[in-house]
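Every number here is computed from the coordinates shown, using simple stated rules; none is lab data. Fair warning: this is a prediction, and the values are worked out from it, not measured in the lab. In this analysis, Cβ positions are derived from the backbone assuming ideal geometry, glycine residues included, and neighbour counts consider all displayed protein chains.
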Amino acid sequence: MNKKAALFTIITFLMLFSLFVLAGAYTHKNKKMSQLFTEIKTSSQIRYYEDDIISDVFSELCFFSINPIERNSQNTTLSFSINDYQTGNDYSSDFIDYVDYIENTYSQQNNINVSMQNFTSNLVIQPYGTQISLNNSIQILNNWTHLNKITIKVFINQDITNHTNTSPVDTGGTQLQVEVYDSSSKQLLDDTTAFLDPDLLNSDFTVTLESGDMVEIGFKNTLNPGTLTVNSDFPVNITTLQLKHNNTDSQVKITAGQINLQSNIVGLKKQGDILIKGELQ
């Protein structure tokens, strides 16, 4: 009887110990799964916050819209538009206020830490290195060795009866197609196409109204070879601003500064370029 009792006690102890080990393992696994779920959920939230901060920001702050990037067998095309554009428009304070709001109010409301660096009204097209500046005037510093054609369509919000216009003389090189219309869709340029050497100080496409106010579009060697400038003394709508580049093996994307996001819950963070538009692969 004593032997049977001892054996029963040992078996009972081993069974209880096994149950204890299994329970501990289950608890540990459940804790790890819970932590993993929290991290996945937080990671998804960080992506949501990043998209919420960045999406449509340029169209809201400076009426600048970016179309999807298009690629065919030969070219990659980037197309933009901007409403109520006028030389002298200063967007810098709007971008400063936006960054301040995101880094303080938005971060506190959503329990995350967000910091943004070099986020202004300047864009970079990668991997070409083309830079677009929207503050005060439109200036595009092109990597013209990859640039095949520029197309610009400008609409003036008034009916023009008297005006003069000029177009540059061909100097050979990049094709620049410029169309300027009044509110009745009347073309205001006699000659809308020129092939221009980016290394030369080419003359501009101009439309001058009876008041003396002008629209000027040029492609020349100013800030650097192949600088595209768009100036207007009065508000206009640029419905098309298209840059056609040679294809590249790399993914084409448009960036504007850098962003850092960190969750206050589990410490997950993400940092990198602010991706305004990326090529769909």
Item to check | Anisotropy class of region 177-281 from Cα gyration tensor, a/c 1.5 cut | outcome: prolate
Next on the checklist: What does the charge count around ASP170 come to, taking other residues whose C-beta lies under 12 Å from its C-beta (Lys +1, Arg +1, Asp -1, Glu -1)?
Outcome noted: -2
Checklist entry - When the Cα centres of region 138-195 and region 50-89 are compared, how far apart do they sit, in Å? => result 19
Item to check | Net charge of Cβ neighbours under 13 Å - reference LEU200; Lys, Arg +1; Asp, Glu -1 | outcome: -3
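With the Cα gyration tensor of region 55-278 in hand, convert its eigenvalues to equivalent ellipsoid semi-axes via √(5λ) and list them largest first in whole Å.
Numbers: eigenvalues 245, 92, 37 Å².
That gives 35, 21, 14 Å for the three semi-axes.
Which loop-located GluC sites (Glu not before Pro) does region 170-229 contain, where loop means any DSSP state but H, G, I, E or B and the Cβ has at most 14 other Cβ atoms within 10 Å?
GLU210
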Next on the checklist: Under the rule of at least 5 residues apart or a separate chain, name every residue whose amide H is placed under 5 Å from the amide H of VAL252.
Outcome noted: GLU279
Checklist entry - Considering only region 143-244, what is the antiparallel percent among its DSSP beta bridges, to the nearest 5? => result 80
